[in-house]
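Participant: Have a look at this one before I ask anything.
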Amino acid sequence: MLDTFRKATKSWLAKGLLILLIISFGAWGIGDFITGGGGEAPAITVGDTEIGTAALRAELNREVNALREQLGGGFTTEQAIELGFLDRAIGRMVTEVTQVQTARDWGMVVPDSVVAQAITADPTFAGEGGGFDRARFERLLALNNLTEAQYTQQIRQEMLRGALTAPVTEAAHAPDGVVSRLDRHRNEARVGAVVALSVADAPAPTGAPDQETLQDLYDANIDRFTAPEYRAVTAIVLDLEDARPLVSVSDEAIRDEYESQRGAYTQAERRVVDQVLADDRATAQAVVDAVRAGTPLPAAAAEAGAPAPIDMGEVIPDSLPPAQSDAVFAVPEGGVSAPVESPFGWHVFQVREVLAGGTQPLAAVRDEIRATLVDRRAVDALYDLSVRLDDTLGGGATLEDAAQALDLDLVSIDAVDRQGLGPDGTPVEAVPEGSAFLGTAFSADPGEQTLLQETETGYFVLRVDGVTPPAPRPLAQVRDRVMALWERQRKAEATRARAEAILAAAGEGRTLQGAAETQGATAETLPAVRRDGTPLAADAEAPPRALVQALFDLDRGAARLVETGETVYVLRLTEVIGAGADATETRAETAAALRGAIADDLYVQFTDALSRRQGVEINQAVIQAAFQ
């Protein structure tokens, strides 16, 4: 499919000339959302599109997996539902289907050439030379269990939704008066004086705590000294690396692939073209006559009253509508075409340069094809290997027996916590990437051998061999840590007492510097900062966020304590700098931010209106039954 698409990537259509709202290339669907067979009642209905619970669960699982990457493998689907992520998934799917369904109803289409442009320009698929690498493209799709058709459909629908909503969001306007007031508010700056007292710099406390004090501190902070739950796990993990050695690729297969994909290695003849688009035939013909008489195209267009020429860049035959393509490729280098009519007006094309095409020989792409075939077949080989493993385990084999029978590596983990760390606090190397493995390990019962599970990169099956529940580490084992906590608390108390003494002295009418000197400290002037924490001076260092927030809470001349981690500050607001009436250097940024907020509101209102027009039904009974 992409081979055909690539032929159109340099079309004038792909360069933005009314590209998204033209009738082209037939119909498309949104079948990925449609409820499967079996008479299942839909979870959601949008217009004439039904969304089943399987699609909704897949959407929720994507959200949960992303959260597990941030919060750890212990984060469950049940927790996600409680936090409202199921409702978010429903809302997201309703929005997407509503927009796609509306675009389809309105006859909107994204041309193949535009889809191809987006895919081939994506740096994710770039090879070493910086250009589109088909082998890399196919490998990445295989790793994500996507076919080329599925991926191109996803890109097409994303672009279609953008084309539908862009006219609404791009119409957002921020009134000048509102921008001015908001800009002055955002860009008001404040200056403060500050005394910074580091807890670490406080003198060590004299004496030592007795056993009772340590025990009380240990008991009061028992969570700090409690080891997490650990689990011992045995597993078999399959990925593409396990499958690649099982794949063989013959020279004949490479030749067959080369012949079947010859278009991917063939560069069609290209032409570098300039275009003039006139409103009527007479104007277009005047441009043609002038160019054929020796007048340069820009001058010919100006004399005829036509718009200036458009540089279309390189085009190939399939990248233009048939009539226009025929006209362009019938003209020799330097020649000009006869006027060609389209729904947009009358086109005049001048060919600046003809670039010959050609085909890469098999020898030049043999290794690339071999790698592509290995990766493609490795996906099937991995699946076949997983089936053999599943069958072996289903026959009653233990993990150890199955690993030996199929010559697979057995993963043995003595102890791992929910974050993938061992008792020494370092990552356990044997734990596979992703959150599914740890999530399964900590949801399975001790002694239970799980079912074979599929992940984004392969398969795994595991057995929980033992569970070490969370337990406080004995005081004797963590005595040094308890002592360090006691010392830190004493130093923090002493630091806070110094800060309070400085604050009191400042309240008696002294300057902050004078108040600081009573405690052997010094005051510094903070750089003028805006509400967002950025300094007015480009070379100034931004103060801690807590100090910025405190500055904008204080009245001029007032002072307060601010504690951040290991530092206690005494802060005084000394100056308020109002933004000028014409803060032109920030006004554009403020206007853009306000337009963005207004655009977001318009997007929501527009989509809500489309949803009401399409008709949305959410079957809570079906959803609750599926996710209870």
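Participant: Taking segment 432-449 as the region of interest, how many residues are within 25 Å of the chain's Cα centre (by Cα) and either hydrophobic (A, V, I, L, M, F, W, C) or outside any helix (DSSP H, G or I) (or both)?
Facilitator: Count: 7.
Participant: Within segment 334-368, which residues are open to solvent by less than 40 Å² (accessible area, probe 1.4 Å) and not in a strand (DSSP E or B)?
Facilitator: G335, S337, P339, L362, V365
Matching residues to (1) modelled with pLDDT under 90; (2) in a helix (DSSP H, G or I); (3) more than 30 Å from R370 (Cα to Cα):
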residue: T206; (1), (2), (3): yes, no, yes
residue: P209; (1), (2), (3): no, no, yes
residue: L214; (1), (2), (3): no, yes, yes
residue: L217; (1), (2), (3): no, yes, yes
residue: D223; (1), (2), (3): no, yes, yes
residue: A232; (1), (2), (3): no, no, yes
residue: A235; (1), (2), (3): no, no, yes
residue: E241; (1), (2), (3): yes, yes, no
residue: R244; (1), (2), (3): yes, yes, no
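Participant: Name, by its number, the condition in (1) closer than 30 Å to G47 by Cβ; (2) assigned to a helix (DSSP H, G or I) that does not hold for E617.
Facilitator: (2)
Participant: Now a separate question. For segment 365-393, which residues satisfy the criterion of being of a type in the set (A, V, I, L, M, F, W, C) and either outside the structural domain of E454 (by the TED database) or in contact (Cβ under 8 Å) with a residue 60 or more places away in the chain (or both)?
Facilitator: Scanning segment 365-393 gives V365, I369, A371, L373, V374, A378, V379, A381, L382, L385, L389, L393.
Participant: Give the residue that is surrounded by the fewest Cβ atoms within 10 Å (Cβ to Cβ), with candidates limited to residues of segment 121-151 that are over 17 Å from I369 (Cβ atoms), in contact (Cβ under 8 Å) with a residue 60 or more places away in the chain and over 18 Å from the mean Cα position of the chain (by Cα).
Facilitator: The extreme case among them is A149.
Participant: Also, I was wondering about something else. Take V100 and tell me if it is assigned to a loop (DSSP other than H, G, I, E, B) and farther than 30 Å from L571 by Cβ.
Facilitator: The answer is no for V100.
Participant: Within segment 512-525, count every residue that is part of a loop (DSSP other than H, G, I, E, B) and open to solvent by 20 Å² or more (accessible area, probe 1.4 Å).
Facilitator: 5
Participant: In segment 407-431, what residues are more than 22 Å from R231 (Cα to Cα) and either open to solvent by 30 Å² or more (accessible area, probe 1.4 Å) or of a type in the set (G, A, S) (or both)?
Facilitator: Correct list: D407 only.
Participant: Next question. Can you pull out the residues in segment 419-451 that are within 14 Å of V467 (Cα to Cα) and out of contact with any strand residue (DSSP E or B) (no Cβ under 9 Å at 6 or more places or on another chain)?
Facilitator: S443
Participant: Quick one: Y265 ticks every box in (1) of a type in the set (F, W, Y); (2) surrounded by 17 or more Cβ atoms within 10 Å (Cβ to Cβ); (3) over 30 Å from E241 (Cα atoms) except a single one, so which number is it?
Facilitator: The one condition Y265 does not meet is (3).
Participant: Right, another one. What pairs can you find where one residue is in segment 589-601 and within 14 Å of D176 (Cα to Cα) and touching a residue at least 12 places away in the same chain (Cβ under 8 Å), the other is open to solvent by 30 Å² or more (accessible area, probe 1.4 Å) and assigned to a helix (DSSP H, G or I), and their Cβ atoms are less than 7 Å apart, with a gap of 6+ or different chains?
Facilitator: T590/L182; T590/R186; L594/V178; L594/L182
The values are calculated or read from the model by the stated rules, or taken from the named source; none is laboratory data. From a predicted model like this one, the values you see are computed outputs, not experimental measurements. Positions of Cβ are generated from backbone atoms using ideal geometry, with glycine treated the same way; all protein chains shown enter the neighbour counts. What goes into the accessible areas is simple: the full protein's heavy atoms, side chains included, and nothing from ligands, DNA or RNA. Shrake-Rupley method; radii C 1.70, N 1.55, O 1.52, S 1.80 Å.
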